[in-house]
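The values are calculated or read from the model by the stated rules, or taken from the named source; none is laboratory data. Being a predicted model, the structure only gives us computed values, none of them experimental. Reconstructed Cβ throughout: ideal geometry from the backbone, glycine too, with neighbour counts over all protein chains shown.
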Amino acid sequence: MALSPDDPTLGLFQVLREDLSEPLPEGEDPRSHPENDPELSEDTLRAMFRHMLRVRLLDERMMMRQRQGRIGFFGAITGQEATPIATAFCLEEKDWVFPALRENAIMLVRGFPLTQWLAQVYGNSLDVLKGRQMPSHMSGRSVNQVSWSSCLGPQLPQAVGAAMAAKYKKTGAVTIGFIGDGATSEPDFHCAMNFAGVSNAPCVMICQNNHWAISVPSKKQTRSATFAVKAHAYGIPGVRVDGNDILALRAVIGEAVDRARKGEGPTFIEAVTYRIGAHSSSDDPTVYRSDEEVELWRRKDPIQRFERYMRFKGLLSDDERAQLEKELVEEILAAIENVESAAPPARETLFEDVFEERPWHLAEQQDELLEHDPAPSAH
Ligand SMILES: Cc1ncc(C[n+]2csc(CCOP(=O)(O)OP(=O)(O)O)c2C)c(N)n1
């Protein structure tokens with residue numbers, strides 16, 4: 001594959017106008033590239049908007065809960081909502097997701113209950129994992145999403161391996177693997193790209209280039225012109241897409257998923273976006289990046305860009321927008337209240353799920369523990 005000005009790994013695939021600085025005159029098309037519009041149905045557009053807004057409102061409330069000391073850790077995706085939500089809308093039930101740090105929301109779109117999702121943040125008795133997982137490392141067997149790994153990188157070779165298995169078993173499933181710009185410096189990234197190419201696996205690998213790996217800027221991760229261009233070295237198609245443009249993402253990821261499903265092999269996608277908030281609740285980004293830079297990206301906000309399109313299409317009025325937000329906040333607060341009122345995992349669960357038959361020494365330890373403190377206190 002020769003590099004050319006038309007090379008999709010060097011350009012930026014877009015549908016929506018990028019800059020929100022100036023209000024659009026009444027009736028003006030918010031698309032800079034209408035020819036790329038995937039022309040989704042009204043129901044799909046409404047559902048996508050709802051999910052984007054839901055995640056934004058959820059993240060705001062979870063960061064507040066963390067500051068109040070009610071949860072230990074949270075990683076918001078503010079500014080990056082478009083990529084996970086667009087991905088979820090490209091998948092079939094049988095497909096698998098191997099996320100990195102910022103794709104937990106895909107589970108919610110695919111029907112994972114909000115209460116169970118939140119319970120994995122709180123790690124209490126409603127948590128199917130019994131509070132044993134790292135905080136906020138959500139997973140959902142019912143929606144084919146594995147946990148992300150705290151250690152950067154391994155999810156990508158796992159995604160390719162699962163895709164290879166799907167190919168051998170002829171299940172027709174496609175797998176999606178995510179990676180951050182920082183994690184492309186890990187050997188796992190290169191191993192995954194190589195295996196995906198050689199095995200022609202039905203896999204889509206998506207790099208969310210949000211410009212920062214905690215305090216390390218993306219330009220320190222590579223000397224390549226873009227991340228997407230790396231696809232050429234592995235002999236697979238690559239695309240660089242606007243990661244704050246949900247319509248562009250839906251078009252590009254949808255096409256990659258279709259190709260994979262038809263047996264035409266893997267694709268590597270770079271979604272160019274920005275992490276508006278902190279890396280996680282443990283980070284203070286003001287010490288390593290400027291307010292001006294953040295402000296520049298706020299003016300490319302993925303929800304506001306999509307909202308302009310929804311209004312242009314006549315699918316969202318001021319009243320509908322206000323009503324939607326009210327409904328979502330009510331839903332989120334009710335789910336949080338429900339989860340917060342649950343007790344911690346019962347003490348005896350500490351001894352479950354390792355041995356089929358509990359050895360005598362663990363039985364003794366359990367008896368001793370329960371005798372000492374039989375009733376765990378509520379949150
Ligand atoms: C192998 C490994 N090295 C370092 C870390 C520490 N660490 C946690 S998150 C992170 C930055 C990740 O950046 P990126 O891959 O760009 O994803 P983002 O957080 O920006 O979404 C680092 C260096 C780690 N978890 N694992």
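Points worth noting:
- For segment 43-82, the set of residues classified as acidic (Asp, Glu) and under 14 Å from the mean Cα position of the chain (by Cα) consists of 59, 81, listed by residue number.
- Qualifying position, being away from the ligand (no atom under 16 Å from the Cβ) and closer than 19 Å to residue 100 by Cα, among 216, 257, 252: 257
- If you go through segment 62-84 and keep only what is part of a loop (DSSP other than H, G, I, E, B), of a type in the set (S, T, N, Q) and buried (at least 23 other Cβ atoms within 10 Å of the Cβ), you end up with just 80.
- Residue within segment 198-210 that is within 16 Å of the ligand (Cβ to nearest atom) and either at pLDDT below 95 or touching a Lys or Arg at 6+ places or on another chain (Cβ under 7 Å) (or both) present: yes
- The residues on offer are 60, 39, 81, 26, and the sole one that is charged (D, E, K, R) and in contact (Cβ under 8 Å) with a residue 60 or more places away in the chain is 81.
- Residue 291 being without any contact (Cβ under 8 Å) to a residue 24 or more places away in the chain, closer than 23 Å to residue 244 by Cβ and not β-branched (Val, Ile, Thr): yes
- Which listed residue, of 121, 174, 109, is among the aliphatic types (A, V, I, L, M) and within 24 Å of residue 186 (Cα to Cα): 174
- Of all residues in segment 78-117 being under 21 Å from residue 331 (Cα atoms) and aromatic (Phe, Trp, Tyr), the one that is farthest from the ligand (Cβ to nearest atom): 112
- Enumeration of residues in segment 312-359 that are in contact (Cβ under 8 Å) with a residue 60 or more places away in the chain and basic (Lys, Arg): 313
- Taken as a whole, the condition of being over 16 Å from residue 55 (Cα atoms) and not polar (S, T, N, Q) does not apply to residue 81.
- Test result for residue 289, within 16 Å of the ligand (Cβ to nearest atom) and surrounded by fewer than 18 Cβ atoms within 10 Å (Cβ to Cβ): yes
- The sole residue among 50, 17 that is touching a residue at least 24 places away in the same chain (Cβ under 8 Å) and not assigned by TED's automatic domain parsing to the domain that holds residue 293 is 17.
- Tabulated pairs, segment 363-379, first modelled with pLDDT of 90 or more, second part of a loop (DSSP other than H, G, I, E, B), C-beta under 9 angstrom, 6+ apart or interchain: 366/358
- Exactly one residue out of 252, 241 is assigned to a strand (DSSP E or B), under 17 Å from the mean Cα position of the chain (by Cα) and buried (at least 24 other Cβ atoms within 10 Å of the Cβ), and it is 241.
- Among the residues making up segment 148-161, those that are within 14 Å of the ligand (Cβ to nearest atom) and either within 14 Å of the chain's Cα centre (by Cα) or under 20 Å from residue 257 (Cβ atoms) (or both) are 148, 149, 155, 156, 157.
- Residue pairs whose Cβ atoms lie under 6 Å apart, separated by 6 or more positions or on different chains, with the first residue in segment 169-185 and touching a residue at least 60 places away in the same chain (Cβ under 8 Å) and under 27 Å from residue 92 (Cβ atoms) and the second outside any helix (DSSP H, G or I) and within 8 Å of the ligand (Cβ to nearest atom), are 178/100; 179/100; 180/100; 180/208; 183/152; 183/153.
- Sub-8 Å Cβ pairs linking a first residue in segment 203-218 that is within 20 Å of residue 258 (Cα to Cα) and in the same structural domain as residue 154 (by TED's automatic domain parsing) to a second residue that is at pLDDT 95 or above and near the ligand (Cβ under 7 Å from one of its atoms), at least 6 apart or interchain, are 205/179; 206/179; 207/179; 207/180; 207/181, ordered by first then second residue.
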